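Right, one structure below, let's go through it.
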Amino acid sequence: MGQERKTGLIMEGGAMRGLFTSGVIDVMMENGITFDGAIGVSAGATFGCNIKSKQIGRAARYCAAYCNDDRFASLNSLIKTGDIYGVDFCYRELPQELDPFDFETFTNNPMEFYVVATDIETGKAVYHKCSDAGDNDMQWIRASASMPLVSRTVEIGGRKLLDGGMSDSIPAAGFEKLGFNHNVAILTQPLGYIKHKNEYMIPIKIKYRNYPNLVNAIANRHKKYNAQTTYIRKKELEGELFVIRPPKALEVGSVERDASEIMRVYEIGRRTMTERIEELKEYMGV
């Protein structure tokens, strides 16, 4: 008797490169593509959660609307609060008031949704399964996207957490261990991209001097990332993983204040997925 098929969606981070992912998942939703589970890292979590709440266009809409608002993301926010992305604005005011997140649909959608954060004391990845996008889940999503040096550490349940991309940038192997065996991965870098060593290691070593495991994880992140993309390419060529990636480097800022640039990246995601939608439907058996 064969193993039960469980379909999964893996979403890489990359700050505003995540708008590419938003474009991809919006086209998926428009074409009725669903998954048993999804996992997002950093921007893959903050934007990717909209696939579980079934809100087409939401991420691009609010990013374009508020990219020039200092409360959303700014140096001013970093200086005042310790977070370049404003926590109260992004994780309370925006989803609860300005561009409401559909908490009910998120909760009732049977698709499992995981986010990845990094435990700064161990330097290892921690997976969290979100159930209702309530305050606890929002803190996990925030932790997953809290970039080092420009974000405060997020404390949840005795853990000190930061950006999941530092420990598990593209969690294909980890998601397979959770039982998802027929997967789609959305990457935010083009084919052939090679990550290099972090150029901010000196300030990182100073700021996180009490967390040597975290410093070590960041110092070696490029090696792990490149090994992950090699693994993903192998699975892709063997027909065991469907991979969507941008045709070339997206070249968008981590904090992008130009709404037209945000929409440009989003539209590349839409166009890339539209061009391959029939191929994806065949792979998914839709």
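The values are calculated or read from the model by the stated rules, or taken from the named source; none is laboratory data. Predicted model only: the values in this text are computed from it and were never measured. Here the Cβ is made from the backbone with ideal geometry for all residues, glycine too, and neighbour counts use every protein chain on show. Ligands, DNA and RNA are excluded from the accessible area calculation, which covers all protein heavy atoms including side chains. Shrake-Rupley method; radii C 1.70, N 1.55, O 1.52, S 1.80 Å.
Key figures
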| read-out | value |
| --- | --- |
| The chain: relative contact order in percent, alpha carbon pairs under 8 Å with at least 6 residues between | 27 |
| Cut-off 18 Å (backbone N to label point 7 Å along Cα→Cβ of Glu238), residues of region 178-212 | 178-185 |
| R0 of 51 Å, Cβ-Cβ distance Ile79-Arg5: FRET efficiency to nearest 0.05 | 0.55 |
| When each of Lys124/Lys223; Lys6/Lys223; Lys195/Lys223; Lys195/Lys248; Lys124/Lys160; Lys52/Lys129 is checked by Cα-Cα distance, pairs over 19 Å | Lys6/Lys223 |
| For region 199-286, size of Cβ-based charge dipole, Lys and Arg +1, Asp and Glu -1, in debye | 600 |
| Among Ile194, Ile39, Ile262: highest mean-square fluctuation, GNM of the chain, C-alpha pairs under 10 Å | Ile194 |
| Region 1-147, relative contact order in percent, only Cα pairs under 8 angstrom and at least six apart counted | 25 |
| Per residue solvent-accessible surface (Å²) - the chain, probe of 1.4 Å | 45 |
| Residue-by-residue Karplus 3J(HN,Hα) for region 92-100, coefficients 6.51, -1.76, 1.60, Hz, glycine and proline x | 10, 5, 5, x, 9, 10, 7, 9, x |
| Built amide H within the under 5 Å cut-off of Glu112, gap 5+ | Gly37, Ala38 |
| By average C-beta atoms within 10 angstrom, highest first, the peptides 62-68, 3-9 | 62-68, 3-9 |
